[in-house]
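Novice: Okay, handing you the structure first.
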C-alpha cells in the first residue's frame, strides 16, 4: 500500500498560479483494499482554472528536485541532465507499507527553495549539499539538524551508494500521463529558474575533475523527465514523450505496438484491453533498414548482403568486437548460418555496444559504447572489458537487456533446432510470417504465467511487427454476432487508440521497474498520475476506464509487486461515479472545498450522472450547452413579455413550434410549451 496523503504549499512558493498557500489533503478511505490489494485511488475535481494541473505540477517539481539531488553525481549518458527547480516552498506527504515487515511508515518530502530533505520514520535525510545552499540557507539547515537527535540526522553525500539506495527505497516512483495537446509543454516552463550540476565549460568530464562540479543556472527542467535512459533512477517519468513540446504520435504508435504484442497474446480469447476486440494475428517482417543505423552503412552505402557476409568475416578474424561479444554470449557464427541468423548476430553486437554507451549502470564500459565498433578490430587491452560487458548483458535481466536477451534466446533456440535437424529450413523468415506459425516452429507455449517469459520468446527486434485485430460485431440481418478479421491497429478510432496508449504505457513502465536488478536502484511503490484522463474517450470508455485499468494491473499481478497509488484529474462524471466521496479533492478557484461547503457535496459513487454534473463539477448554471441555454432563456423572456431588443429581433420571425419540437428535455419543453400556449391564447382573446 502506498498513498499520497497531502500536498502543502507555503508562502513564497512560485509557479502555483491561483493555488493558495495552504494544505491540500487526500483523505484515507474507510474501506481497506476497496479498489484491490495494495491499490489506492484519489481524484482531483474542479472547473478549468481551479488549480488541478497546477497542484500536480508542484508535486512533479518536488519529485524532480529529489531526483536531481539524489543522483547529482550519477552519469546520465544518453539521458538528459536533471535540473533542480528553484523557488519551490512545499511539502509532499505520503504513507507506504514495508513489504517485508508490513509496517506502515510516513514520509514527507520538504522543499524550501535550495533546501530539500526527506523525513521518514522519525529520521531526516538532508539532500541539499553545501554547494547548492546559500549563506542564508545555513540557518535553516542548522535549525533542522538541531531539532533531532544526531543519530537520526543524515547528511547525504553521493559517494555513499548504500545510503543513496536506502533513501530511494523510502520513496516511490511516479508515472505521469497527460495526452492533452496543452499538457507538459516546455514553453510553459521555460521561464522557471533551475540549476544543473555540471563541470565548468572549460573542464573535461573525467573522473579526476568530478570534484570541480558546481550548480549553474539552467532552463526547461521538464524536458529531462521524458527520457528514461537512466535505468529508472530519477523517480519520475512523463508521458507521452515530447521533444521541445512536440508530440510525435508516429513514435508513440510505434512504441505502443511494441509494448502491446505480449499483452494481447496473454489476453487470449478472454480479452481485456479493448472490449469486443481480440488479437487476430501478429505479422513480422525483417527490418530491412537496420543497416542505416551505422555510419558505415550511410557513408559507404553498405547493403544488407555485404553486411551478412561481413559479420561472418569479422567473427572468423577472432580479433574483432563482433567475435569477442558473440563468443562471450555463447553465440557461434558458422559457415552455414542463415541470413536471418547473421542479421540477428549483427543486431546483437550493435545492441551490446549501444547498452554500454547509453545506461548509467554500464558506465564503466562507456568507452566501448560506439555502435560503429561493430565493424572494428578490438585492441587486446580492451578484451577483458568486452568480455565483462557481454557477461553483464547476458546475466542481468532488466528492461535494459531485454532486447539483447530476446535475440540470444532466438539464436539459442535456432541452434537447438539445427542440432536436432541439420537440414532445417529458415528461408521462410526472409518473408513476412505470422506469430502462430513462428511459435509452432520454435516449439513455444502459447501462454505463460509471467508476461516477461512470453516477451522473451517473441521474435527478436530484427523484425518489425504489425498487429492485426478482430472485432465482434452484430449482423444487422439476423442479429447474430460475428468476427470481422484482419483489422490493422492503425484503423482503430482515436478513442480506442487512446485507451491502448494509456494502459500499455503504464504497464510498460511498471514491468520495466519490476525488472530492475536488486543491486541497482529499485522502487517498491508506484504513484500513477493521470491528468485529464478522459481526453479522446467516448463516454462509455470513460465509464469503463477505471475498471479496465484496475483489471490490467491485477491481471499482470503488478499490485503483487508494488504498492500503487492512482491520482487522477478529470472533468468526466462517468469517471467520478466510480469514486467514493472520501477519495475526492474538490478545488474551486485555487482552494479546496472544506467545512459546510464540502459536507454539502453529495457522494458521487454510483450516482446519477446528471446529479454529478450539477454538484461535483460546480455547474450551477445547469448542464446543457451554453448556446442552447441562452436560446431557451431568450424564448422564456420573449413569451413572458420580458424580452430584450435582441430577443424580439430573433424570435419575431422564428418558428417557435419547430424550436419546441427540437427540445429533448421534457420538463423544459413542457414549461415552454405552456408559456407559448398561454401567450397564444391571450393574443387570440384580445
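Novice: It is to be established whether one or more residues within region 128-142 are closer than 30 Å to residue 240 by Cα, at pLDDT 90 or above and buried (at least 20 other Cβ atoms within 10 Å of the Cβ).
Specialist: Within region 128-142, none of the residues are closer than 30 Å to residue 240 by Cα, at pLDDT 90 or above and buried (at least 20 other Cβ atoms within 10 Å of the Cβ).
Novice: Moving on to the next point. Could you please let me know if residue 547 is touching a residue at least 24 places away in the same chain (Cβ under 8 Å), surrounded by fewer than 17 Cβ atoms within 10 Å (Cβ to Cβ) and under 22 Å from residue 30 (Cα atoms)?
Specialist: So residue 547 fits the description; yes.
Novice: Oh, and also: Looking only at region 405-440, count every residue that is farther than 18 Å from residue 461 by Cα and without any contact (Cβ under 8 Å) to a residue 12 or more places away in the chain and tell me the total.
Specialist: Qualifying residue count, region 405-440: 10.
Novice: Still on this structure, please answer the following. Hey, can you tell me all the residues within region 575-609 that are closer than 30 Å to residue 511 by Cα, out of contact with any helix residue (DSSP H, G or I) (no Cβ under 6 Å at 6 or more places or on another chain) and assigned to a helix (DSSP H, G or I)?
Specialist: 583
Novice: Looking at region 636-655, which of the residues that are in contact with a helix residue (DSSP H, G or I) (Cβ under 6 Å, 6 or more places away or on another chain) and assigned to a helix (DSSP H, G or I) is nearest to residue 573 (Cα to Cα)?
Specialist: 637
Novice: Let me ask something additional. Determine whether region 223-245 contains at least one residue that is in a loop (DSSP other than H, G, I, E, B), over 16 Å from residue 509 (Cβ atoms), modelled with pLDDT under 85 and under 23 Å from the mean Cα position of the chain (by Cα).
Specialist: The answer is yes; a qualifying residue exists.
Novice: Would region 360-367 turn up any residue that is under 24 Å from residue 422 (Cβ atoms), surrounded by fewer than 19 Cβ atoms within 10 Å (Cβ to Cβ) and in contact with a helix residue (DSSP H, G or I) (Cβ under 9 Å, 6 or more places away or on another chain)?
Specialist: no
Novice: Follow-up question, since we're still on this one. Filter region 377-406 down to residues that are buried (at least 17 other Cβ atoms within 10 Å of the Cβ) and either assigned by TED's automatic domain parsing to the domain that holds residue 514 or part of a loop (DSSP other than H, G, I, E, B) (or both), then give me how many there are.
Specialist: Here the count works out to 6.
Novice: Within the bounds of region 91-104, is there any residue that is touching a helix residue (DSSP H, G or I) at 6+ places or on another chain (Cβ under 9 Å) and closer than 23 Å to residue 57 by Cα?
Specialist: yes
Novice: On to the next question. In region 589-604, how many are over 27 Å from the mean Cα position of the chain (by Cα) and surrounded by 15 or more Cβ atoms within 10 Å (Cβ to Cβ)?
Specialist: Adding up the residues that qualify gives 5.
Novice: Shifting gears a bit: Check 676, 667 and return the single one that is modelled with pLDDT of 80 or more and either surrounded by 14 or more Cβ atoms within 10 Å (Cβ to Cβ) or closer than 30 Å to residue 45 by Cβ (or both).
Specialist: Result: 676 is the single residue among 676, 667 that is modelled with pLDDT of 80 or more and either surrounded by 14 or more Cβ atoms within 10 Å (Cβ to Cβ) or closer than 30 Å to residue 45 by Cβ (or both).
Novice: Moving on. Inspect region 442-456 for any residue being at pLDDT 90 or above, touching a helix residue (DSSP H, G or I) at 6+ places or on another chain (Cβ under 7 Å) and not in a loop (DSSP other than H, G, I, E, B) and give the result as yes or no.
Specialist: For region 442-456, residues at pLDDT 90 or above, touching a helix residue (DSSP H, G or I) at 6+ places or on another chain (Cβ under 7 Å) and not in a loop (DSSP other than H, G, I, E, B): present.
Novice: Of the conditions (1) part of a loop (DSSP other than H, G, I, E, B); (2) buried (at least 24 other Cβ atoms within 10 Å of the Cβ); (3) at pLDDT 95 or above, residue 82 clears all except one; give me its number.
Specialist: (3)
Novice: Still on this structure, please answer the following. Considering each residue of region 462-499, count those that are touching a strand residue (DSSP E or B) at 6+ places or on another chain (Cβ under 7 Å) and either part of a strand (DSSP E or B) or surrounded by 11 or more Cβ atoms within 10 Å (Cβ to Cβ) (or both), and give that number.
Specialist: Selection size over region 462-499: 22.
Novice: Given the condition farther than 20 Å from residue 582 by Cβ and assigned to a loop (DSSP other than H, G, I, E, B), answer yes or no: does some residue in region 65-72 qualify?
Specialist: Checked region 65-72: at least one residue is farther than 20 Å from residue 582 by Cβ and assigned to a loop (DSSP other than H, G, I, E, B).
Novice: Quickly run through region 556-574 and pick out the residues that are at pLDDT below 85 and either touching a helix residue (DSSP H, G or I) at 6+ places or on another chain (Cβ under 6 Å) or not in a loop (DSSP other than H, G, I, E, B) (or both). Before you say what the answer is, go through the steps one by one.
Specialist: Looking only at region 556-574, we keep the residues that are at pLDDT below 85, and these are 571-574.
Result: 572, 573, 574.
The values are calculated or read from the model by the stated rules, or taken from the named source; none is laboratory data. These numbers come from a predicted model, not from an experiment. Here Cβ is always computed from backbone atoms with ideal geometry, including for glycine, and neighbour counts include all displayed protein chains.
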